[in-house]
2 protein chains.
Amino acid sequence: MHPDDFRRAGHELVDWIADYLRDIERYPVVPDVEPGDVRRRLPSTPPVTSEPIDRLFADFRELIVPGMTHWGHPGFFAYFPATTSPPSILAEMLTAGLGAQCMSWQTSPAATELEQVTMDWLRQMIGLPAGFTGVIQDTASTATLVALLTARERATRYAANVAGLAASGPRLAVYTSRERHSSVDKAVKIAGYGLEQLRLVDTDEAFALRPDALRRALEQDVRDGIVPACIVATVGTTGSTGVDPLPAIADLAGAHGAWLHVDAAYAGSAAILPEKRAHFAGMERADSVLFNPHKWMLVNFDCTAYFVRDVDALLRTFSANPEYLRTAHDAEVANYRDWGIQLGRRFRALKLWWVVRSYGVEGLQAVIRAHCEWAAECAGWLAADERFEVVAPVPFALVCFRLRRRAGEDDAAADARTRTLLERANATGHVFFTHTVLGGRYTIRMSIGARATERRHVLAAWELLREVAG
Amino acid sequence: MHPDDFRRAGHELVDWIADYLRDIERYPVVPDVEPGDVRRRLPSTPPVTSEPIDRLFADFRELIVPGMTHWGHPGFFAYFPATTSPPSILAEMLTAGLGAQCMSWQTSPAATELEQVTMDWLRQMIGLPAGFTGVIQDTASTATLVALLTARERATRYAANVAGLAASGPRLAVYTSRERHSSVDKAVKIAGYGLEQLRLVDTDEAFALRPDALRRALEQDVRDGIVPACIVATVGTTGSTGVDPLPAIADLAGAHGAWLHVDAAYAGSAAILPEKRAHFAGMERADSVLFNPHKWMLVNFDCTAYFVRDVDALLRTFSANPEYLRTAHDAEVANYRDWGIQLGRRFRALKLWWVVRSYGVEGLQAVIRAHCEWAAECAGWLAADERFEVVAPVPFALVCFRLRRRAGEDDAAADARTRTLLERANATGHVFFTHTVLGGRYTIRMSIGARATERRHVLAAWELLREVAG
């Protein structure tokens, strides 16, 4: 591609992205495609010769965009949000243009130091004390795996890495609530603990871990000669944004010498609001904390903020120093390849820097605060309508609800109606809800957090629900 | 940020990127900064209120760019390349604009199906048979970990995930050469095998694994009741691009029932050249193969191609299916969240699609072929100069060399002169070489692979070396 073609195409793409952000409401949130529809229209063998950029761009618009789910759509209430924002998209453009590998200080000094600075900004913004050091991981899955591995090494006095788990001493166990995210199970498998060593602790009526049940599980294991290696507490569970009681959990972690990892993947962004800080009380006693600025803080995926108190334990778990990576500066700099799983790293601090500066802390607070207020409002509307019931507290911006049982109707029949309600609402193309199961019952999750969502979209979604509920 | 501000800033950034790509030769490859220089110029607390995008862009140009190592510089001969290209950068812009989460089919149908199509293109391009299925992983580190975990599960009949390694049966061992990449060691630690169960097999004079030594290691373990779980063979080692003998290794893997993983992170891109295909003979007998289009095939980091023969083994190792992720289509589609470590995934197939189409297979072949030819040429120049010696074969585009010992000089003194040569060459700002140690001797690695590098840059680098060598 000639440099001038890049320039011309780049300008066209910027205009397309600007139009897309402006017009995103006109797309159906979820595309009307069946499995195989897109694939069928693509050639099964690669082209031998060069194709012009205009044809690629046309194919993108005609074959790809109509087959995408639009995560930035104002009617996107599914899962948890994965936000973008204009300054974040712009920064990603520069990251792509530089094409730097950020594995060690020497390979990208400014990227490493900008990550140190911006991660410390985030630490201050969510109210963690200065004893925590931050590093960007790609995803919460990876960050939780990093925590479970560091915990494994600390519990075996760094023997598991060397001798292997089969030979490194007593059995280890991990503790979390029944409402934990699936990434905890996955990390328990990957790190070699084994799912049978994952204790799923009961939750209370607000879907929060019960400390008394945790205490019993810990004590039983100690009696059985099993070492409590790690407790994973959640602030903002995926099902219902339940908040585990961190102070009581921290007491138990301290008493048993277990690593305390706090998974605040979604809710952590709300810790920048003073009025939400109470949900995070006790977080400062954790050994590690993660949250995803790419979920709710307007930073493009991927950007998981991982904070750890004992950096030496982290480095001892992950550092490798082959000859071909050694540099003259190793003793005085952060080489982030030693802070996690991957060697190669994108320049992700840039988008974080631009988002925080472009919005300012107050601007970010205003966005997240509004989402929380609309969720509370929407929960009020649902609760006031006799056809619906809100089935979990709404500490942040997720509302969990279902249709009430009618007289003489059993749970299964009511659940079937709730499922139909979700399907009909989604079929309009104006909204996208997903579901979960809470207390054995089918539940719709309405997660408010797309950057384009305004109060009028929440109101329209509510009106749509009322209409479809019949 | 107002939408119009995004549009205006986007156009400015496109022009900056176009200028950067055009003028990259004017920058010093490695910046003249000391640890702390960049950090010192950045505020230690986050801004409370919004800052204009023009200020962010100015700070990027003035504080960040002068502190970056320029991986796209034509004089970048360090490590292995991390390539970008105009179509790849453009595709990354669109990926950022869409902001889609590609964890399952429903969350981005077109992204999933485009990944299926483009990964099958890559499979054909590198000559793997149809029995292999591809998936994009973020990095080779992760892909090797995925292979070692799948091997672990297969060797324990999927018991390790459930019972943990401490209880899942006999000890397992992993085999690789002394020249393997550090990510193998890291994955062995993470997956719980333990470094003591990693057998580092001796290499021959071309830095390739010796099958007789591998056979002895396997047989010794079998005698000791240890199960050979996985062999990691390398095509294109990091130190010197050594090529392990795959056919003999595949025989041994077959005889012992071990998973054979081929790490072709760097060299795999050269498998698209018919004349280089012989180096990959036997790859088709592997259980898994990885290579990095982001290293040498003009695709932006991150994009690791991972091919696996037994998809069921992969899925059985990684799949998780919590209620909140279930969809109506799960039985008939690929949900890539179950194909690796992370749940969240960027839309990475788009850049792969654009690069292959923009260049065409012939265009990509021409780029990689030229790099290999220039490396062979440069090795010839070095070999013909009595001051230098080339210390490893040059099957791809990496030349390993050092200064010859002078009469009466010992190895250490000659190595010190080679180190000084590297430092002086790098200090000019026109080139960036890194080093390794081969056969105990300090060795300069000249890796030709940046997209902007032309023959004249290789020639200039050689002239610089001759001049600095004195």
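May I ask you to list the residues in the range A:393-418 that are assigned to a loop (DSSP other than H, G, I, E, B) and either closer than 20 Å to B:ALA328 by Cβ or open to solvent by 10 Å² or more (accessible area, probe 1.4 Å) (or both)?
Initial filter on the range A:393-418 (assigned to a loop (DSSP other than H, G, I, E, B)): A:393-397, A:404-410.
If the condition is that a residue be assigned to a loop (DSSP other than H, G, I, E, B) and either closer than 20 Å to B:ALA328 by Cβ or open to solvent by 10 Å² or more (accessible area, probe 1.4 Å) (or both), then A:PRO393, A:VAL394, A:PRO395, A:ARG404, A:ARG405, A:ARG406, A:ALA407, A:GLY408, A:GLU409, A:ASP410 are the ones that fit.
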Would you check if there is a residue in the range A:419-439 being surrounded by 21 or more Cβ atoms within 10 Å (Cβ to Cβ) and of a type in the set (Gly, Ala, Ser)?
yes
Select the helices (runs of 4 or more DSSP H) contained entirely in the range B:104-199, then report the ones holding at least 1 residues which are closer than 17 Å to B:CYS303 by Cβ, modelled with pLDDT of 95 or more and open to solvent by less than 20 Å² (accessible area, probe 1.4 Å).
B:109-125, B:140-155, B:182-190
With the requirement that a residue be open to solvent by 50 Å² or more (accessible area, probe 1.4 Å) and not hydroxyl-bearing (Ser, Thr, Tyr), what does the range A:20-33 give you?
A:ARG22, A:GLU25, A:ARG26, A:PRO28, A:ASP32
From the list A:GLU362, A:GLU463, A:GLU377, A:GLU373, which one is more than 28 Å from A:ALA271 (Cβ to Cβ) and open to solvent by 20 Å² or more (accessible area, probe 1.4 Å)?
A:GLU463
Which of (1) closer than 20 Å to B:VAL308 by Cα; (2) within 16 Å of the chain's Cα centre (by Cα); (3) part of a helix (DSSP H, G or I) is the odd one out, the single condition B:ILE249 does not satisfy?
(2)
Among residues of the range A:289-325 being among the charged types (D, E, K, R) and under 15 Å from the mean Cα position of the chain (by Cα), the residue surrounded by the most Cβ atoms within 10 Å (Cβ to Cβ) is A:LYS295
Within the range A:276-293, the count of residues that are in contact with a strand residue (DSSP E or B) (Cβ under 9 Å, 6 or more places away or on another chain) and assigned to a helix (DSSP H, G or I) comes to 5
Condition first: within 17 Å of A:GLY134 (Cα to Cα), among the β-branched types (Val, Ile, Thr) and open to solvent by less than 20 Å² (accessible area, probe 1.4 Å). Now tell me which residues in the range A:326-358 satisfy that.
A:ILE341, A:VAL356
Taking the range B:424-447 only, how many residues are farther than 19 Å from B:TYR27 by Cβ, assigned to a loop (DSSP other than H, G, I, E, B) and touching a residue at least 40 places away in the same chain (Cβ under 8 Å)?
1
Selection from the range B:40-73 of residues out of contact with any Leu (no Cβ under 8 Å at 6 or more places or on another chain) and among the charged types (D, E, K, R) yields B:ARG40, B:GLU51, B:ASP54, B:ARG55, B:ASP59, B:ARG61, B:GLU62
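How many residues, within the range B:319-344, are among the hydroxyl-bearing types (Ser, Thr, Tyr) and within 7 Å of chain A (Cβ to nearest Cβ)? Can you show your working first?
Our first condition is that a residue be among the hydroxyl-bearing types (Ser, Thr, Tyr); within the range B:319-344, this holds for B:319, B:324, B:327, B:336.
Remaining after also requiring within 7 Å of chain A (Cβ to nearest Cβ): B:324.
Total satisfying the criteria: 1.
Which of the residues belonging to the range B:16-34 are in a helix (DSSP H, G or I) and within 8 Å of another protein chain (Cβ to nearest Cβ)?
Within the range B:16-34, the first condition is being in a helix (DSSP H, G or I), and the residues that meet it are B:16-26.
Listed by number, the residues that qualify are B:TRP16, B:ILE17, B:ALA18, B:TYR20, B:LEU21, B:ARG22.
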Can you name the residue in the range B:35-77 that is within 8 Å of chain A (Cβ to nearest Cβ) and acidic (Asp, Glu) and is also nearest to B:ARG456 (Cα to Cα) among such residues?
B:ASP37
Considering (1) in contact (Cβ under 8 Å) with a residue 40 or more places away in the chain; (2) within 31 Å of the chain's Cα centre (by Cα), say which one B:VAL38 fails and leave the rest.
(1)
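The values are calculated or read from the model by the stated rules, or taken from the named source; none is laboratory data. Computed from a predicted structure; not experimentally measured. With ideal geometry, Cβ positions are generated from the backbone for all residues, glycine too; neighbour counts draw on all protein chains shown. With ligands, DNA and RNA removed, areas are computed over all heavy atoms of the protein, side chains included. Shrake-Rupley method; radii C 1.70, N 1.55, O 1.52, S 1.80 Å.
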